[in-house]
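The structure appears below as structure tokens.
The values are calculated or read from the model by the stated rules, or taken from the named source; none is laboratory data. Please read these numbers as outputs of a predicted model, since none were measured by experiment. Cβ placement follows ideal geometry from the backbone for every residue including glycine, while neighbour counts extend to all protein chains displayed. All accessible areas refer to the heavy atoms of the entire protein, side chains included, with ligands and DNA or RNA removed. Shrake-Rupley method; radii C 1.70, N 1.55, O 1.52, S 1.80 Å.
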Amino acid sequence: MHIIPMEYHRRFMTAAHAAGFRIIDYGPAPDGTPLLVAEHTPPQPLLSLYLSAGIHGDEPAGPHALCKLMERQWFDPQIAWHIHPLLNPRGTAARTRETPDGIDLNRDYQHATAPETRAHKTWLTRHHRHYHAAISLHEDWESTGFYLYEIHDPATPPLGWAVLQTVEPLLGLDHAAEIDGFPARNGYLNPDADASLANNPHWPEQLWLRRHHTPTSLTFETPTSAPLPTRILAHIIALQNTVAQLLAPRINDTFDI
Ligand SMILES: [Zn+2]
């Protein structure tokens with residue numbers, strides 16, 4: 001189930017068109033591969049959400065999860081969606097975390113040295129994009145279970161704990177006290193965004209999004225040691241739970257109860 005970018009794009013685009021999404025190529029990448037975003041913008045959206053996957057080329061579960069959800073037409077048409085299914089097609093083709101130039105795109109969002117990052121930031125900035133939440137799908141070679149990062153404005157309620165509860169029966173959680181240098185509790189990582197921004201010039205995508213485009217940033221991580229179908233399902237369940245939590249306060253309005 002390795003991903004071949006052009007094949008993946010064809011499949012994703014077919015599903016996205018059938019689901020009523022507009023596809024935009026905001027690239028291309030230096031090798032000519034498109035950089036795709038699928039957009040759906042209803043007139044009065046209940047929510048505006050950003051999703052991305054495939055920024056690391058050796059983490060296939062996220063792109064597969066987004067494609068399967070698109071094929072099932074799961075994306076609620078009352079929500080405004082911006083979906084980047086494969087942020088690093090060159091790394092994906094090479095099955096490497098980084099681009100062929102050795103750049104980790106998820107450490108490149110302050111200085112944008114890679115063409116992929118520059119194109120993505122330009123796209124985000126052009127229309128002053130703002131989202132209720134931004135969610136990125138990742139995988140981890142070293143983890144023993146599912147975990148997530150949540151960086152959110154104190155005024156917005158945390159979503160991550162309920163997501164972890166939902167995924168735990170399927171995949172188990174990583175219970176390490178420290179993950180990737182951050183303190184962790186039962187798979188929940190809540191790094192201090194301001195401290196991270198001040199101390200680290202190598203901003204990941206979600207730190208940039210949290211700073212400029214959203215009050216709630218989530219990063220899901222599945223353990224690569226688990227079977228791929230289980231990891232794909234974990235991302236799907238985590239996303240479904242997140243969207244259900246975000247929609248819950250708006251349900252009354254929708255049904256006029
Ligand atoms: Zn990753």
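Numbers at a glance
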item: Förster radius 41 Å - calculated FRET efficiency between residue 190 and residue 68, Cβ distance, rounded to 0.05; result: 0.90
item: For residue 33, net neighbour charge (Lys/Arg +1, Asp/Glu -1) across residues whose Cβ lies under 13 Å away; result: -2
item: Surface share of carbon and sulfur [accessible, 1.4 angstrom probe, percent] for the stretch 12-114; result: 49
item: Mean Cα-pair separation over length for the stretch 5-250, i.e. relative contact order, pairs under 8 Å, 6 or more apart, %; result: 22
item: Prolate/oblate/rounded call for the stretch 13-84, Cα gyration tensor, a/c under 1.5 rounded; result: prolate
item: Whole-number percent relative contact order across the stretch 104-257, with pairs defined as alpha carbons under 8 Å at least 6 apart; result: 35
item: GNM top mover of 146, 75, 220 - the chain, alpha-carbon springs below 10 Å; result: 75
item: Length released on extending from residue 165 to residue 182, taking residue separation times 0.36 nm less the Cα-Cα span; result: 4.1 nm
item: Of the DSSP H helices in the chain, those whose Cα atoms cover at least 24 Å axially and whose Kyte score averages -0.5 or more; result: 228-247
item: Positive minus negative residues near residue 243 (Lys, Arg vs Asp, Glu; Cβ under 14 Å); result: +1
item: Those GluC sites (Glu not before Pro) in the stretch 115-201 that DSSP places in a loop and that have at most 15 other beta carbons within 10 Å; result: 142
item: Surface accessible to a 1.4 Å probe, per residue, for the residues of the stretch 1-98, Å²; result: 41
item: The stretch 5-250 shape via C-alpha gyration tensor axes, a/c threshold 1.5; result: rounded
item: J(HN,Hα) series, the stretch 173-182, from Karplus relation 6.51 cos²θ - 1.76 cosθ + 1.60, nearest Hz, glycine and proline x; result: 10, 7, 9, 4, 7, 9, 10, 6, x, 10
item: Candidates 125, 214, 96: whichever shows maximal mean-square fluctuation once the chain is modelled as a Gaussian network with Cα springs under 10 Å; result: 125
